[in-house]
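Worksheet: the structure to be examined is printed underneath.
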Amino acid sequence: MDPTLIVNPVKRRLDADERVLMMSLRQLRTPDAAMIVRECGFDGFYVDCEHGTYSRAEVSALCASGLLAGLMPAVRAPGADEASIGAALDGGALAVIVPHVGDAGAAQAAVRAAKYPPSGHRSLAALGPATRYRSLPLAEIARLQNDATLVIAMLETAQGIENAEAIAAVPGIDALMIGPADLSGDLGLTGELKHPRIEQAWFSAAAAARKHGKHFVAGAGGPDIAEMVARGARILMGTNDVAYLMSAAREAATKMRTTRRRS
């Protein structure tokens, strides 16, 4: 059996202690989005199904194109339920970002939903994008996909931050990620993303991940990237396609509006 049949390129980079660059998709829907992401220098992307308006077919098309482009396609599930997590992975995602993980029990449930037996109880699918639709024994599918799939727990409440160590200690959880906007709201600091309490939450969660040998996601909405890299972050998350487009378009429009006419 070819051991490289199901490979997560981001996992390889992380195992080598290299930085991984990710961005999120909110509006891009066509398969060539993966080529755009790769050309811009990112190692992967996640389809935001919690805040985006994607159909299951659109998500799968994006994930399949990501696989063919040599990227890591991930999905931010709309919820932490088994159906949402299973659908994301069946569609070709190599990582699932599970929202609103507040304690170790929720983290364990996420792992069970994302992993095939014996590590979990995800329903076995014989053919799919992750295997390039090649026929494989079910035991091989389970082993290879379990090894390739990353499970990322989002901490978005005071409870999640308080339980960061317990969540990071759960076998099968690969990384912790802060949801800064929701966290600010839960702390009564809506929108104050640079508040000391929010910053401390990033630092304590990063320390919890590092203590238990797990990865940490840093980036948009958080403390300085260099600071977080020094604290062990290796998955660096940019912003989303809409923000990048609007930033570039706004800059272009401003330049055109303010350019002085030659006399």
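What residue, of Gly172, Gly188, is touching a helix residue (DSSP H, G or I) at 6+ places or on another chain (Cβ under 8 Å) and either surrounded by fewer than 14 Cβ atoms within 10 Å (Cβ to Cβ) or under 23 Å from Arg12 (Cα atoms) (or both)?
Values: Gly188 fails: touching a helix residue (DSSP H, G or I) at 6+ places or on another chain (Cβ under 8 Å).
Checking each option against the conditions leaves just Gly172.
If you take the residues of segment 15-55 that are aliphatic (A, V, I, L, M) and surrounded by fewer than 19 Cβ atoms within 10 Å (Cβ to Cβ), which of them is modelled with the lowest pLDDT? First the steps, then the outcome.
Taking segment 15-55 as the starting set, the residues that turn out to be aliphatic (A, V, I, L, M) are 16, 20-23, 25, 28, 33-37, 47.
Checking which are surrounded by fewer than 19 Cβ atoms within 10 Å (Cβ to Cβ) leaves us with 16, 21, 35-36.
On the way: Ala16: 94, Leu21: 98, Met35: 97, Ile36: 97.
By that ranking, first place goes to Ala16.
Condition test on Gly160, is it within 19 Å of Asp81 (Cα to Cα), part of a helix (DSSP H, G or I), among the small types (Gly, Ala, Ser) and modelled with pLDDT of 95 or more?
Numbers: within 19 Å of Asp81 (Cα to Cα): yes; part of a helix (DSSP H, G or I): yes; among the small types (Gly, Ala, Ser): yes; modelled with pLDDT of 95 or more: yes.
Considered against the rule, which asks whether it is within 19 Å of Asp81 (Cα to Cα), part of a helix (DSSP H, G or I), among the small types (Gly, Ala, Ser) and modelled with pLDDT of 95 or more, Gly160 comes out as yes.
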Practice task
Could you check how many residues of segment 100-114 are part of a loop (DSSP other than H, G, I, E, B) and surrounded by fewer than 22 Cβ atoms within 10 Å (Cβ to Cβ)?
Solution key: 3
Problem - Selected residue (criterion: farthest from the chain's Cα centre (by Cα)) from residues of segment 73-96 that are small (Gly, Ala, Ser) and under 14 Å from Ala125 (Cα atoms) - result: Ala83
Problem - Residue count for segment 53-78, restricted to those that are in contact (Cβ under 8 Å) with a residue 24 or more places away in the chain and not in a helix (DSSP H, G or I) - result: 11
Practice task
Taking Gly120 as the residue in question, decide whether it is on the phi < 0 side of the Ramachandran plot, among the small types (Gly, Ala, Ser), touching a helix residue (DSSP H, G or I) at 6+ places or on another chain (Cβ under 8 Å) and in contact (Cβ under 8 Å) with a residue 40 or more places away in the chain.
Solution key: yes
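Please enumerate the residues belonging to segment 243-263 that are surrounded by fewer than 10 Cβ atoms within 10 Å (Cβ to Cβ) and of a type in the set (S, T, N, Q).
Of the residues in segment 243-263, the ones surrounded by fewer than 10 Cβ atoms within 10 Å (Cβ to Cβ) are 255-263.
Hits for segment 243-263 are Thr258, Thr259, Ser263.
Would it be correct to say that Val96 is outside any helix (DSSP H, G or I), modelled with pLDDT of 95 or more and either farther than 22 Å from Thr157 by Cβ or among the hydrophobic types (A, V, I, L, M, F, W, C) (or both)? Break it down into steps so the answer makes sense when it comes.
On the way: outside any helix (DSSP H, G or I): yes; modelled with pLDDT of 95 or more: yes; either farther than 22 Å from Thr157 by Cβ or among the hydrophobic types (A, V, I, L, M, F, W, C) (or both): yes.
It is true that Val96 is outside any helix (DSSP H, G or I), modelled with pLDDT of 95 or more and either farther than 22 Å from Thr157 by Cβ or among the hydrophobic types (A, V, I, L, M, F, W, C) (or both).
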Handout entry: Ser263 vs. criteria at pLDDT 95 or above and of a type in the set (S, T, N, Q)
Key = no
Problem - Search result, residues across segment 142-167 that are farther than 27 Å from Asp103 by Cβ and in contact (Cβ under 8 Å) with a residue 40 or more places away in the chain - result: Leu144
Completion exercise
Residues of segment 4-52 being touching a residue at least 60 places away in the same chain (Cβ under 8 Å) and in a loop (DSSP other than H, G, I, E, B), in sequence order, are Leu5, Ile6, Val7, Asn8, Asp17, Glu18, Arg19, Arg26, Gln27, Leu28, Phe42
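The values are calculated or read from the model by the stated rules, or taken from the named source; none is laboratory data. Given the structure is predicted, the values throughout are model-derived calculations rather than measurements. Counting neighbours? That spans all protein chains shown, and the Cβs are built from the backbone with ideal geometry, glycine included.
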